[in-house]
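The values are calculated or read from the model by the stated rules, or taken from the named source; none is laboratory data. All of these numbers come straight from a predicted model, not from anything done at the bench. Here the Cβ positions follow ideal geometry from the backbone for every residue, glycine too, while neighbour counts run over all protein chains shown. Heavy atoms of the whole protein, side chains included, go into the accessibility calculation; ligands, DNA and RNA do not. Shrake-Rupley method; radii C 1.70, N 1.55, O 1.52, S 1.80 Å.
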Amino acid sequence: MIENQELITVDETTLSSKVYGFFSEGYRLVQIHCTSVDAGFELNYSFDREYKFTNIRLVVDRETEVQSVSGIYWNAFLYENEISDLFGVKIKNIVLDYHGKFYQTAAKAPFGKPEQEERKPEEES
Amino acid sequence: MTKRNIIPFGPQHPVLPEPIHLDLVTEDEKVVEAIPRIGFVHRGLEKLVEIKEYQDFVFVAERICGICSFMHGMSYCQAIEEVMNIQVPERALWLRTIWAEIARIQSHLLWLGLAADAMGFESLFMHTWRLREHVLDIIEMTTGGRIIFGSCRIGGVRRDISADTLDYIIKRLKELEPEFREVTEVFINDYSVQHRLKGVGVINLNDAHELGIVGPTARASGLNYDARKIGYARYPELDFEPVTETDGDSYSRCVVRVRELFQSIDLVRQCAGKIPGGDINVKVTGNPKGEFFTRVEQPRGEVIYYVRGNGTKFLERFRVRTPTFANVPAMVKVLQGCQIADVPNIILTIDPCISCTER
């Protein structure tokens, strides 16, 4: 194992306070990413301090509006716009909200659907 | 009140090798706001993983970017190896380290050339890229390719570097080093370079941390962070410290890359002295089940690879956070308040790689 990685699961009500806790402790926001899962969307927030890597995981259903963390970490606006454009996750109060115009995509929320819904694996085609 | 204008910058612009668009809101010659827009050439590679077998996807990962191609392949392999708990042979890890550092040398030379071109210093640009060709020759000699290495695979590497070839690489780098010094001295000491870069686009240490900046851009602001220190490949056995500067301006970003160029030569030399014999790969069976984030220091900074497998040969999720993506907020911030004439230099010293970002 290259490094130990901690994973903390949160819900919508504790997300902001947890992220603020990391900010107060001097962690850097490394990235935010989304995965489309059966239950809806899984959001992962990664932080680093002195090479210690920690993740916060939030699972929400497709209709839930997620609170932006860009008020805490300003650079989060970029990740949140990306997630909003590619997955269609509803994120409220992004400090710099492009309203779906950050990425130039031909289809709306192209990554939003669960895997292999539209295309089948190569071996089956 | 001064009238505000919006100047569109990109996606096609002489200073941009790749497409990114910025709406520059200006008051006279001063930029008051910069609004980026990307996605002009987005390839959706993260989605492609769902229909491409995980072993074959190494080739796709390598093609995310033509400049950091090897390190993309290596990051992907590393993430899969962690999920599958594969013990990569020692020699393969050393070979990966050598190729990664050679890739860093050619990438930094490419950047230095582009920086010279952006400043209008054409002869410096040509000399830098002439030297880069010699490094590409070394890459071609050891991998068969000049841009796409194709040498990394899950479980190790595809090709070995013989002792004779390694000796030749060390000898060649020793021959090239004085030429590198001659050219990079111009970047460091020339009046016109300093005039264009010093005090321009300053990112202080606090901003560098809070904006999550990575790579030479962060280290130029004094942030002592280099993902190689995490301990992947064989970096734990090498003697090096992250190169940092403190001024945080465009000139510091240039100096960091110059110093890293020579650091990489030294690291290749150290590797050549320590590389053991043995196998270069192991047979991989089964499918990945589990998840892992891997972090690798690419020439432009820390890249994050996230993979999640469900026990089938198709990954459930593959995510790449490229260093350029992490550095875009810094670009937005630092452009606020700058002069319109400094915009190309500021953007270039942050070294955006849109190919990576449009994965």
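Separation between the B:K174 and B:F59 pseudo-spin-labels, each 7 Å from Cα along Cα→Cβ, expressed in nm?
Once both label points are built, they end up 4.0 nm from each other.
Between 0 and 90 degrees, rounded to the nearest ten: what's the tilt of helix A:12-24 against the longest Cα principal axis of chain A?
Computed tilt is about 50 degrees.
Take the alpha carbon gyration tensor of segment B:270-315, find the square roots of its eigenvalues, order them as a ≥ b ≥ c, and report rounded if a/c is under 1.5; if not, report prolate when a/b exceeds b/c, else oblate. The partial results should precede the final answer.
Numbers: a/c = 4.20, a/b = 1.33, b/c = 3.16.
Here segment B:270-315 falls in the oblate category.
Taking a spot 7 Å from the Cα of A:K52 along the direction of its beta carbon, which residues of segment B:286-318 have an amide N less than 20 Å from it?
Within reach of a label on A:K52: B:293-295.
Pull out a ≥ b ≥ c, the square roots of the eigenvalues of the alpha-carbon gyration tensor of segment B:149-196, then state rounded if a/c is under 1.5, prolate if not and a/b is larger than b/c, and oblate in the remaining case.
oblate
Rounded to the nearest Å, what's the spacing between the alpha carbon centres of segment B:1-44 and segment A:39-93? Just the number, please.
Each part's Cα centre sits 26 Å from the other's.
Going 7 Å from the Cα of B:T312 in the Cα-to-Cβ direction, what parts of segment B:35-67 have a backbone nitrogen less than 12 Å from that spot?
From segment B:35-67, the list is B:50-54.
For the cross-link pairs A:K101/B:K313; A:K90/B:K47; B:K3/B:K198; A:K113/B:K52, which exceed 27 Å when the distance is taken from alpha carbon to alpha carbon?
Going by Cα-Cα distance, A:K101/B:K313; B:K3/B:K198 fall outside the 27 Å limit.
Treating only the Cα positions of segment B:23-135 as identical point scatterers, give the base-10 log of I(q)/I(0) from the Debye formula at each q in 0.14, 0.16, 0.18, 0.22 Å⁻¹.
Summing over Cα pairs of segment B:23-135 leads to -0.85, -0.96, -1.04, -1.16.
Rank B:A79, B:L211, B:V25 by how far each Cα sits towards the positive end of the charge dipole of chain B (+1 on Lys, Arg Cβ; -1 on Asp, Glu Cβ) and give me just the farthest.
Of B:A79, B:L211, B:V25, it is B:A79.
Going by Cα centres, segment B:157-201 and segment B:76-129 are how many Å apart?
Taking the Cα centre of each part, segment B:157-201 and segment B:76-129 sit 12 Å apart.
Can you figure out the FRET efficiency of B:Q336 with B:K274, using R₀ = 51 Å and their beta-carbon distance, to the nearest 0.05? Display every interim value, and only then the final one.
Values: r = 47 Å, r/R0 = 0.92.
After rounding, the FRET efficiency stands at 0.65.
Hey, got the dipole for segment B:224-266? About the Cα centre, +1 on K and R Cβ, -1 on D and E Cβ, debye to the nearest 20? Display every interim value, and only then the final one.
Details: 6 positive and 9 negative charges, 37 e Å.
Here the size comes out at about 180 debye.
Is there a quick way to get the dipole size of the protein assembly as shown? I mean about its Cα centre, with the Cβ of Lys and Arg at +1 and of Asp and Glu at -1; what is the value in debye to the nearest 20? If you can, show how the numbers build up before the last one.
Working: 56 positive and 70 negative charges, 68 e Å.
Roughly 320 debye, rounded to the nearest 20.
Restricting things to Cα coordinates, could you compute the convex hull volume per residue of chain B in Å³?
On the way: hull volume 45.2 nm³, N = 359.
Dividing the Cα hull volume of chain B by its residue count gives 126 Å³.
Quick one: give the max-minus-min coordinate of the C-alpha atoms of the protein assembly as shown along each principal axis, largest first, in Å.
Principal-axis extents of the Cα atoms in the protein assembly as shown, largest first: 68, 62, 44 Å.
With n ≥ 4 as the cut-off for DSSP H runs, can you work out [θ] at 222 nm for the protein assembly as shown, using -39500 (n - 2.57) per run divided by the number of residues, rounded to the nearest 500?
Numbers: 15 runs with 198 residues, N = 484.
Per the formula, -13000 deg cm²/dmol.
What is the spin-label model distance, in nm, from B:K198 to A:N93 if the labels are put 7 Å beyond Cα along the C-beta direction?
Result: 4.6 nm between the two label points.
Could you list the residues of segment B:22-39 with an amide nitrogen less than 13 Å from a label point located 7 Å from the Cα of B:T2 in the Cα-to-C-beta direction?
Residues passing the 13 Å test: B:25-33.
Can you run phi through the Karplus equation (6.51, -1.76, 1.60; θ = phi - 60°) for segment B:222-237 and list ³J(HN,Hα) in whole Hz, with x for Gly and Pro?
For segment B:222-237, the Karplus curve yields x, 6, 8, 9, 9, 4, 4, 6, 5, x, 7, 6, 10, 4, x, 8 Hz.
Where does segment A:1-84 land on Rg/Rh, using Cα atoms and the Kirkwood Rh? Show your work: numbers first, answer last.
Numbers: Rg = 12.5 Å, Rh = 13.1 Å.
Rg divided by Rh gives 0.95.
Quick check: the angle from helix B:90-119's long axis to the longest principal axis of chain B, C-alpha only, nearest 10 degrees?
For helix B:90-119, the angle is close to 20 degrees.
Could you tell me how many degrees, from 0 to 90 and to the nearest 10, lie between the Cα long axis of helix A:76-87 and the main elongation axis, the longest principal axis, of the Cα atoms of chain A?
Once rounded, one gets 20 degrees.
Please compute one quarter of the surface area of the Cα convex hull for segment B:188-251 and express it in square nanometres.
On the way: hull surface 20.4 nm².
That works out to 5.1 nm², a quarter of the Cα hull's surface.
Which whole-number percent gives the relative contact order of chain B, counting Cα pairs below 8 Å spaced six or more residues apart? Can you show the working numbers first?
Numbers: 682 pairs, mean separation 91.7, N = 359.
Taking the mean separation of contacting Cα pairs over the length of chain B, I get 26 percent.
Near A:K52, which lysines are there with a Cα under 16 Å away, not counting those fewer than 8 places off in the same chain?
Hits, sequence-local ones excluded: B:K229.
Under the Kirkwood approximation for Rh and a Cα-based Rg, what ratio Rg/Rh is obtained for segment B:85-204?
Values: Rg = 17.4 Å, Rh = 16.2 Å.
Dividing the radius of gyration by the Kirkwood radius yields 1.07.
Using a 1.4 Å probe on the protein chains only, how many percent of the accessible area of chain B belongs to carbon and sulfur? Don't skip to the end; give the middle numbers.
On the way: 6190 of 12540 Å².
After summing per-atom areas, the C and S share lands at 49 percent.
Between A:E6 and A:Q67, what is 0.36 nm times their sequence separation minus the Cα-Cα distance? Round to one decimal in nm. Provide the component values of the computation, followed by the final result.
Values: separation 61, 0.36 × 61 = 21.96 nm, distance 2.26 nm.
Here the answer is 19.7 nm.
Extent of segment A:60-103 along each principal axis, from alpha carbon coordinates, in Å, largest to smallest?
The Cα atoms of segment A:60-103 stretch 25, 21, 12 Å along their principal axes.
Based only on Cα atoms, what mean projected area does the convex hull of segment B:206-359 have, in nm²?
On the way: hull surface 45.2 nm².
Approximately 11.3 nm², given one-decimal rounding.
Please find the FRET efficiency linking A:A107 to B:T285, where r is the Cβ-Cβ separation and R0 is fixed at 35 Å, and quote it to the nearest 0.05. Working shown, then result.
Working: r = 37 Å, r/R0 = 1.07.
For A:A107 and B:T285, the calculated efficiency is 0.40.
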